[in-house]
Amino acid sequence: MTPTDGLTQLGRNVPTPSGPDEAVLEPVPNPHKGMNYLVRLTCPEFTSICPVTGQPDFAHLVLDYVPDQAIVESKSFKLFLQSFRNHGAFHEDCTLLVARRVMAAIAPRYLRIGGYWYPRGGIPIDVFWQSGTPPEGVWLPDPGVPAYRGR
């Protein structure tokens, strides 16, 4: 049995899901169970749709997690994020939906997300959430996204 057994997207030609509800986040066994280490997934060009105007919204997402039994398979994560391109929701909802889906898919020891949204109506909206206190000894680097100044 290999770590990729049972995966339905990796190495296959898979269309982008029509929305986040249809997207499948696939777990892969953590190759370093028992170790506390941080995985950072960054999407500097996240896109969704404003539910009021239908105009595109753009964000820089930074998701950090300490895996337990599984890690997120990256292609499934990319397809999941792409599925938001036609999804109408507010910034807060999109950011927290990403966090909730990753939590449900892999049940990490710790997760935090920063959604750095570009201005809508002249106001940038940044959304932050974490699942609790990070495990002791885990290095949590700065997300590396500056406060909005015309990013």
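Miscellaneous remarks
- Considering only Leu111, Leu96, Pro67, and ranking their Cα positions along the charge dipole of the stretch 29-130 that arises from unit charges at the beta-carbon of Lys, Arg, Asp and Glu, the one farthest toward the positive end is Pro67.
- Put simply, the Cα atoms of the stretch 19-134 extend 46, 28, 19 Å along their principal axes, the longest span coming first.
- Think of each Lys and Arg Cβ as +1 and each Asp and Glu Cβ as -1; about the Cα centre, that makes the dipole of the chain roughly 220 debye.
- Amide H to amide H, with H built 1.01 Å from N, Glu26 comes under 5 Å of Glu73, Ser76, Phe77, counting only residues 5 or more places away or on other chains.
- For the chain, the residue among Phe80, Pro56, Thr133 whose Cα projects farthest onto the positive side of the dipole built from Cβ charges is Pro56.
- Modelled label reach - Tyr148, point 7 Å along Cα→Cβ, the stretch 79-97 residues with backbone N closer than 16 Å: 90-95
- Within the shell of other residues whose beta carbon sits under 13 angstrom from the beta carbon of Arg120, the net charge comes to -3, with Lys and Arg scored +1 and Asp and Glu -1.
- Loop sites in the stretch 108-151: chymotrypsin sites (Phe, Trp or Tyr not before Pro), DSSP, at most 10 other Cβ within 10 Å: Trp139
- Within the stretch 113-151, backbone nitrogen closer than 20 Å to the virtual label 7 Å beyond the Cα of Glu92 toward Cβ: 113-132, 148
Taken together, the values in this text are just the output of simple stated rules run on the coordinates, not laboratory data. Bear in mind that the values here come from a model prediction, so they are computed numbers and not experimental data. In this analysis, Cβ positions are derived from the backbone assuming ideal geometry, glycine residues included, and neighbour counts consider all displayed protein chains.
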